[in-house]
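Beneath this line is the structure, given in structure tokens, with notes to follow.
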Number of protein chains: 2
Amino acid sequence: MQPPFHRLVEFVPLSAEEAEMARGWLVDSRRIARGKPIRQEGEPVKGVFFLLDGWAGSSLLLRDGRRQIVKVHLPGDMLGFPSLALSHAGETLEALTDATICSFPNAAIGRMFRELPRLAMALFLSTQKERVALMQKLSWVGATSAMERLTAFLLDLHHRLQAAGLAQAGCFDFPITQQQLGELLGMSTVHINRTFKSLDETGCISRGRGRIEVLDFAGLQRLAASFPPDFAGHDAWARLDNSSRF
Amino acid sequence: MQPPFHRLVEFVPLSAEEAEMARGWLVDSRRIARGKPIRQEGEPVKGVFFLLDGWAGSSLLLRDGRRQIVKVHLPGDMLGFPSLALSHAGETLEALTDATICSFPNAAIGRMFRELPRLAMALFLSTQKERVALMQKLSWVGATSAMERLTAFLLDLHHRLQAAGLAQAGCFDFPITQQQLGELLGMSTVHINRTFKSLDETGCISRGRGRIEVLDFAGLQRLAASFPPDFAGHDAWARLDNSSRF
DNA sequence: CGGCCTTGTTAATATATGTAAATGCCGCAT
DNA sequence: ATGCGGCATTTACATATATTAACAAGGCCG
């Protein structure tokens with residue numbers, strides 16, 4: 001099976017040596033059961049993770065016991081990078097479905113920066129893109145209605161699943177509970193339910209046990225009024241590599 | 001005057017060569033008047049910026065014309081990194097006060113990755129730390145009350161101003177309007193005003209034209225129930241550099 | 001088969017926050 | 001001094017969303 005490297009090669013194609021090294025990282029994969037933690041907030045940071053299969057979530061604990069899911073990770077995503085700058089993890093990584101991950105120790109990252117600058121830079125750009133995604137999400141959550149948030153999330157999800165080859169004809173698995181969806185979008189489960197139901201009634205989507213089908217794409221996009229434009233930067237590498245003038 | 005490099009040397013001390021190069025970047029600084037854009041959303045990405053003096057903001061436009069301020073930048077911050085992965089800027093950079101910045105073209109970043117891996121890594125870690133900050137902010141906005149958001153913002157701001165040497169004895173400049181504060185915290189100006197007033201009445205802080213003084217630190221922290229722990233990782237560099245085992 | 005647990009659904013009520021509009025304050029330019 | 005514009009402050013009112021509770025549907029396990 002082809003490892004899901006689409007997030008890595010998005011910015012720069014891997015050389016033979018780089019591909020070799022990347023494949024080497026995948027040797028010891030680990031299986032995590034749905035709902036189990038991969039790394040808890042506050043634990044020492046020993047490295048990062050690569051999600052080979054399944055869905056995972058990054059979440060933060062609030063003092064009152066609730067938590068906020070900050071990001072849903074799909075196969076091919078790198079997990080835990082933000083905490084690399086901290087002594088103890090600032091986020092909890094958790095398997096949202098049964099998942100398989102492999103680990104990537106601190107030292108390997110240092111080595112990559114020293115020996116494979118092209119790869120380091122691809123990774124760097126990939127994490128910057130994550131930062132953009134985070135900024136966009138912050139802008140929904142802060143300033144839009146429940147319906148917009150939900151539809152924007154579904155559109156984004158579909159987009160990313162498609163990039164990972166996990167959605168066909170607007171149809172994809174949707175294995176998370178409404179409770180988790182509430183923690184992700186910052187609203188109560190009851191209101192998630194109301195909103196989901198009324199979205200269903202618009203006819204734009206249809207839900208079946210653990211799956212979602214998008215029926216009316218344009219309609220969805222109209223509902224997600226604040227869905228951000230996509231300035232995908234597949235040329236980013238070239239811009240940084242060449243000596244373009246400022 | 002000493003350039004504000006505290007955000008750069010936080011993770012790794014600069015070698016002579018690196019310090020030399022860093023100083024070279026600062027040659028042509030530009031002055032931006034309060035309220036003026038540094039770079040607008042949608043413009044081509046020619047590089048990043050270094051904020052030498054003043055406050056700046058990163059914001060996203062929503063389709064309905066409102067905007068969400070995603071981050072307030074203080075002297076020493078690097079601006080525009082997230083958009084590096086995009087062809088066109090995904091964020092608007094704007095001077096919140098009169099500010100002075102200098103530019104840092106794409107090519108210089110590429111060169112840095114190839115020639116100064118230590119510096120590249122320090123920068124990388126710094127942007128990961130920003131990502132943590134973004135995640136934390138997302139968790140406030142999504143799941144906490146107006147009072148918590150406001151106090152958490154003030155605490156974080158004070159913390160960062162202190163790191164930049166811009167706050168003494170809990171006293172610091174506060175040059176942004178309540179309108180901007182609302183766009184930052186995702187609430188209406190009226191509610192900002194209400195909340196600010198009632199925070200004032202608790203006696204934890206006192207406001208005077210354009211300045212804020214924190215009177216009761218512990219009280220503030222109690223109000224900001226969700227203020228996250230600080231897992232500052234000044235040892236991050238060492239962890240990545242040495243061959244620590246996973 | 002029957003119970004238990006998770007998940008989804010719906011209703012009734014409470015409340016935090018938004019919206020609209022008016023007022024006052026202060027600095028600044030004429 | 002006068003008026004004007006940006007900003008802070010209030011008031012009154014509207015509403016989206018939270019909270020609590022109860023119940024239904026399905027999966028798992030004895």
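Just so it is clear, none of the values below were taken in a lab; they were calculated from the coordinates. These numbers were taken from a predicted model, which means no experiment stands behind them. Ideal geometry is used to build each Cβ from the backbone, glycine not excepted, and the neighbour counts take in all protein chains shown.
Determine Rg/Rh for the range A:145-223; Rg is computed over alpha-carbon atoms and Rh is the Kirkwood hydrodynamic estimate from the same atoms.
Expressed as Rg/Rh, it is 0.93.
Which shape class, rounded, prolate or oblate, goes with the protein assembly as shown when its Cα gyration tensor gives a ≥ b ≥ c as root eigenvalues, a/c under 1.5 marks rounded, and past that a/b bigger than b/c marks prolate?
Taking the square roots of the gyration eigenvalues as a ≥ b ≥ c, the protein assembly as shown is rounded.
How far apart, in nm, are two points set 7 Å out from the Cα along the Cα-to-Cβ line at A:A19 and at A:A225?
Between A:A19 and A:A225, the label points sit 4.8 nm apart.
Output the 0 to 90 degree angle, nearest 10, between the alpha-carbon long axis of helix B:146-163 and the longest principal axis computed from the alpha carbons of chain B.
For B:146-163 against chain B, the angle is about 40 degrees.
Which residue, B:R114, B:R67, B:R194, has the most motion in a Gaussian network model of chain B that connects Cα atoms within less than 10 Å?
Of the options given, B:R114 has the highest mean-square fluctuation.
Regarding the range A:75-156, what's the average projected area of the Cα-atom convex hull, expressed in nm²?
One quarter of the hull surface, i.e. the mean projection, equals 7.0 nm².
Which distances, in nm and shortest first, link the B:E20 label point to the same label point in every other copy, taking 7 Å along Cα→Cβ?
So the distances to the same position in the other copies read 3.4 nm.
At what distance in nm do the modelled label points of A:K197 and A:A232 sit from each other, each positioned 7 Å from its Cα along Cα→Cβ?
So the label points at A:K197 and A:A232 sit 3.8 nm apart.
To the nearest 10 degrees, how steep is helix A:117-143 against the longest Cα principal axis of chain A, on a 0 to 90 scale?
Helix A:117-143 and the main axis of chain A meet at about 20 degrees.
Calculate one ³J(HN,Hα) per residue across the range B:45-51 by plugging θ = phi - 60° into the Karplus curve 6.51 cos²θ - 1.76 cosθ + 1.60, and present them in order as whole Hz with x for glycine and proline.
With the stated coefficients, the range B:45-51 comes to 8, 9, x, 10, 10, 10, 8 Hz.
Using amide H atoms built in the peptide plane, which far-off residues or other-chain residues are under 5 Å from A:I38 H to H?
A:L93, A:E94, A:A95
Run through the other copies and list how far each one's label point is from that of A:V190, in nm with one decimal, shortest first; the point sits 7 Å from Cα along Cα-Cβ.
2.5
Which of B:Q221, B:Q180, B:Q128 moves most in a GNM of chain B, Cα contacts under 10 Å?
In this elastic network of chain B, the residue with the biggest mean-square fluctuation among B:Q221, B:Q180, B:Q128 is B:Q128.
Between B:R30 and A:S206, what is the FRET efficiency for a Förster distance of 30 Å, r being their Cβ-Cβ separation, to the nearest 0.05?
Taking R0 as 30 Å, the efficiency between B:R30 and A:S206 is 0.05.
Once you place label points 7 Å from the Cα toward the Cβ at A:T189 and B:R111, how far apart are they in nm?
5.7 nm
At 222 nm, what value in deg cm²/dmol follows for the protein assembly as shown if DSSP H runs of at least 4 each add -39500 (n - 2.57) and the sum is divided by all its residues, to the nearest 500?
Taken over the protein assembly as shown, the calculation gives -13000 deg cm²/dmol.
Restricting the calculation to Cα positions, tell me the Rg (one decimal) and the Dmax (whole number) of chain B in Å.
Gyration radius and largest Cα-Cα distance of chain B: 18.6, 55 Å.
Please work out the C-alpha center-to-center distance from the range A:81-114 to the range B:173-207 and express it in whole Å.
37 Å
What are the label-to-label distances in nm, one decimal and shortest first, from A:R211 to the same spot in the other copies, with labels 7 Å along Cα to Cβ?
The answer, with the shortest distance listed first, is 6.6 nm.
Can you tell me how the range A:16-116 classifies by the Cα gyration tensor, rounded, prolate or oblate, using a/c under 1.5 as the rounded cut?
Oblate is the answer for the range A:16-116, as a/c is 1.5 or above yet b/c matches or exceeds a/b.
Residue-wise, which Karplus ³J(HN,Hα) couplings in Hz belong to the range A:22-37, taking 6.51 cos²θ - 1.76 cosθ + 1.60, θ = phi - 60°, and x for glycine or proline?
Once rounded to whole Hz, the list reads 4, 5, x, 5, 8, 4, 9, 9, 10, 9, 10, 7, 3, x, 7, x.
Taking a cut-off of 21 Å between Cα atoms, list the lysines near A:K137, but don't count ones fewer than 8 places away on the same chain.
A:K71, A:K129, B:K71, B:K129, B:K137
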